[in-house]
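In what follows, a structure is listed as C-alpha cells, so that the remarks can point back to it.
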Amino acid sequence: MPISIIVGAQWGDEGKGRFVDLLAREAEVVARFSGGDNAGHTVAVGDKLYKMHLIPSGILHEGVVAIMGNGMVINPLSLVAEIDRLREQGVNVTPDNLLISARAHLITPAHIELDKIRERASGAEAIGTTLRGIGPAYHDKVGRCGVRIGEMIQLEDFAYSLRQSLQHANQSLSLQGAAVDVEASVAAYTRAAERLQPFIYDTALYLNQRLSQGARVIAEGAQGTLLDVDHGSYPYVTSSSPTAGGALTGLGVGPRYVDRVLGIAKAFSTRVGGGPMPTEDHGVVGQRLRGTGENFWDEYGTTTGRPRRCGWLDLVMLRYAAVVNGFSELALTKLDVLSGFEQVGVCVAYEIDGERWETPPTSNAQLERANPIYDMLPGWSEDLSQARCLQDLPRAARAYVDYVAQACGVPITMVSVGPERSQLVVL
Ligand code: GDP
Ligand code: IMO
Ligand code: MG
C-alpha cells in the first residue's frame, strides 16, 4: 500500500499537523521528512492541545509508528524535552512507536550560535529564521562535516565527534565572543544520547519493508513550498526541501509508492520572517486575519510566538505550489476566519513594472515590486465552526472554495472550519 505525501502549499503554518493527524487514523506509519524544531504543528483534540516540533503528528494515534526521517536535522535536547512533554500529556512515546533515522543530522549548540550571529549581522536583510540552528546544521551536512544521529549509539565516539565539531566551530565563534562551552555541551548531549539510543534505527530500510508488506504511510511535511531552498523565494527560505520531492530523499523511498500528494493551503496568506509577500496587508484586513492573539489559532508563531504577516490568498503562488509539488488534491484550512468580511480578496495575478504576471518571477527584486491584482468575491457573515458537510456552508463560502479549486486546477477535497479534529468538511 502506498504513500500519501502531505506538504504545505504556502509559507508554512497552513495546518499540516491537523491533517496529518486526520489521515493518520487510516495509516500504519507517519514519517516526517524535513526540517527540525523550526516547525510547530498543532493538533487540537477536544480541549487538549498538542504541539509537535520534531515528533510526527501521527504519534497521537495508538498503533501508528512515527518516523523521524534522514532528511531531518535534530536537536537532541529539544527532542528529549518534547518526548517528556508528550508523555506528561498522556501520549505513549516509546522505541516501539517512534523511530529516529541514524542518518538524520545533529543540531549542535554551535549551529544555534551561528544562526544568531548570521541573523544579527544581516541587519535589515535578515531572513528572520527561527534561530534553531537549522541553516548551519544543513550547511555542515552538505559540507560533509556534520555529526549524524547514528553516532549516538557509541557514546565515546559520539562525544569525540561532537567535541571535534564544537572545537572547530569555536575557532570562529570565539572571535565574535560567542564560543560555546564544549564540555558542558558534550555532557548534555551525551545524556540526551543515552535517552535516545533505543529509538535510533535504519528508518529507510524499515519504511521500505513496511511498504512492501502493504502498510499505508503518511509522509509529513514541515514548512511550506514557498520556503523550499530551491523553489521558494531564495534566500528567504529554510535550508531543506519541504516539497513533495523532498519526501522521497528525506525518507529514502522511491516514487513508485506515492499515490497521493495532498497540499495544505490556508484560505488566506501568512508568512513569518522576512522575504517578499505580495499580498501582505498592513491595514485592517491583515489585522483581522491575524487575530488578537486571544485564540491559540490566531496568527502568532507556534515555535517563536512572532506575529505572522497576513493578507489575502495568493493564487499566483498557490498555482505555482500545485505545479512544483504535483498536488493530486488540496485541503483548505481556516475558512472560518474569513467569516464576516463583506468581500474576500484573491490575488489572481501580479503587475510588475507595467506587465501582468500569472506566475511568480524567479527574481526576488521583481517579486518585491509585485502589485497584487485582486478579484473581490462576495463574503459571508455566518459562523462556519459548526459546519460538517457541504450543505452547511453558505453559498458564498462554497463559491470561494470552488473558485480557488478552479484557479489552481486541483480539486479541494477537504475544508477545515476550526482547529478541533472534528471541525472538518469533506467535500
Ligand atoms: P502547521 O505548522 O502547518 O501544522 O500549522 P500550525 O499548527 O503552526 O498553525 C496552524 C494553526 O491553526 C494551529 O493553531 C491550528 O490549531 C489552527 N488551525 C488549523 N486548522 C484550522 C481551522 O480550520 N480553523 C482555525 N480557526 N484554526 C485552525
Ligand atoms: P511549520 O512546519 C512557518 C521560516 C522562518 C524563516 C525561514 C527560515 O510549522 O509550517 P529557519 O529557522 O528554518 O532557518 O527559518 O523559514 N520557517 C517557518 N515558517 N512555519 C514553519 O514550520 C517554519 N519553519 C521555518 O520563519 O522565515
Ligand atoms: Mg507551524
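Here are a few things to note about the model shown:
- Summed over the stretch 309-356, the residues that are surrounded by fewer than 24 Cβ atoms within 10 Å (Cβ to Cβ) and either part of a loop (DSSP other than H, G, I, E, B) or not assigned by TED's automatic domain parsing to the domain that holds Glu368 (or both) give a count of 9.
- Residue list for the stretch 211-246, filter: buried (at least 22 other Cβ atoms within 10 Å of the Cβ), more than 13 Å from ligand 2 (Cβ to nearest atom) and among the small types (Gly, Ala, Ser): Ala219, Ala244
- Helices (runs of 4 or more DSSP H) within the stretch 84-177 that include 1 or more residues of a type outside the set (Lys, Arg) and touching a His at 6+ places or on another chain (Cβ under 7 Å): 134-142
- Within the option set Gly305, Gly274, being part of a loop (DSSP other than H, G, I, E, B), without any contact (Cβ under 8 Å) to a residue 40 or more places away in the chain and out of contact with any Cys (no Cβ under 9 Å at 6 or more places or on another chain) holds for one residue only, Gly305.
- Residue in the stretch 45-66 that is surrounded by fewer than 19 Cβ atoms within 10 Å (Cβ to Cβ), within 15 Å of ligand 1 (Cβ to nearest atom), within 20 Å of Ala331 (Cα to Cα) and modelled with pLDDT of 95 or more present: yes
- Filtering the stretch 6-19 to residues that are surrounded by 24 or more Cβ atoms within 10 Å (Cβ to Cβ), closer than 14 Å to Thr302 by Cβ and either within 11 Å of ligand 2 (Cβ to nearest atom) or outside the structural domain of Leu49 (by TED's automatic domain parsing) (or both) leaves Gly8, Trp11, Gly12, Asp13, Glu14, Lys16, Gly17.
- Selected residue (only one of Asp336, Asp314 is modelled with pLDDT of 95 or more, more than 16 Å from ligand 2 (Cβ to nearest atom), more than 29 Å from Asn208 (Cβ to Cβ) and acidic (Asp, Glu)): Asp336
- Taking the listed residues Val258, Val285, the one that is assigned by TED's automatic domain parsing to the domain that holds Ser212 and either under 25 Å from Leu367 (Cα atoms) or of a type outside the set (Gly, Ala, Ser) (or both) is Val258, with no other qualifying.
- For the stretch 150-200, a residue qualifies if it is touching a helix residue (DSSP H, G or I) at 6+ places or on another chain (Cβ under 9 Å), within 28 Å of Phe33 (Cβ to Cβ) and in contact (Cβ under 8 Å) with a residue 60 or more places away in the chain, and the qualifying residues are Met152, Ala169, Ser185, Ala188, Tyr189, Ala192, Ala193, Arg195, Leu196, Phe199, Ile200.
- Residues of the stretch 27-57 classified as within 18 Å of the chain's Cα centre (by Cα) and over 24 Å from Tyr138 (Cβ atoms), total: 5
- Matching residues in the stretch 251-305 - criterion: being under 30 Å from Ile373 (Cα atoms), of a type in the set (Val, Ile, Thr) and within 16 Å of ligand 2 (Cβ to nearest atom): Ile264, Thr270, Val272
- In this entry, Gly71 passes the filter for residues that are in the same structural domain as Ile55 (by TED's automatic domain parsing), under 26 Å from Gly245 (Cβ atoms) and touching a residue at least 24 places away in the same chain (Cβ under 8 Å).
- The set of residues in the stretch 404-427 being among the small types (Gly, Ala, Ser) and part of a strand (DSSP E or B) consists of Ser416 alone.
- Scanning the stretch 19-34 for residues that are within 10 Å of ligand 1 (Cβ to nearest atom) and either of a type in the set (A, V, I, L, M) or over 18 Å from Phe327 (Cβ atoms) (or both) yields Val20, Asp21.
- Restricting the stretch 281-295 to residues that are under 23 Å from the mean Cα position of the chain (by Cα) and touching a residue at least 40 places away in the same chain (Cβ under 8 Å) leaves a set whose member that is surrounded by the most Cβ atoms within 10 Å (Cβ to Cβ) is Leu289.
- Of all residues in the stretch 135-149, those satisfying the criterion of being touching a residue at least 24 places away in the same chain (Cβ under 8 Å) and under 16 Å from Ala102 (Cα atoms) are Ala137, Tyr138, Lys141, Gly146, Val147, Arg148, Ile149.
- Residues satisfying the criterion are present in the stretch 77-84 (criterion: touching a helix residue (DSSP H, G or I) at 6+ places or on another chain (Cβ under 6 Å) and either among the basic types (Lys, Arg) or in contact (Cβ under 8 Å) with a residue 24 or more places away in the chain (or both)).
The values are calculated or read from the model by the stated rules, or taken from the named source; none is laboratory data. It should be emphasised that the depicted structure is a prediction, and the values quoted were computed from it without experimental measurement. All Cβ positions, even for glycine, are placed from backbone atoms using ideal geometry, and neighbour counts span all protein chains on display.
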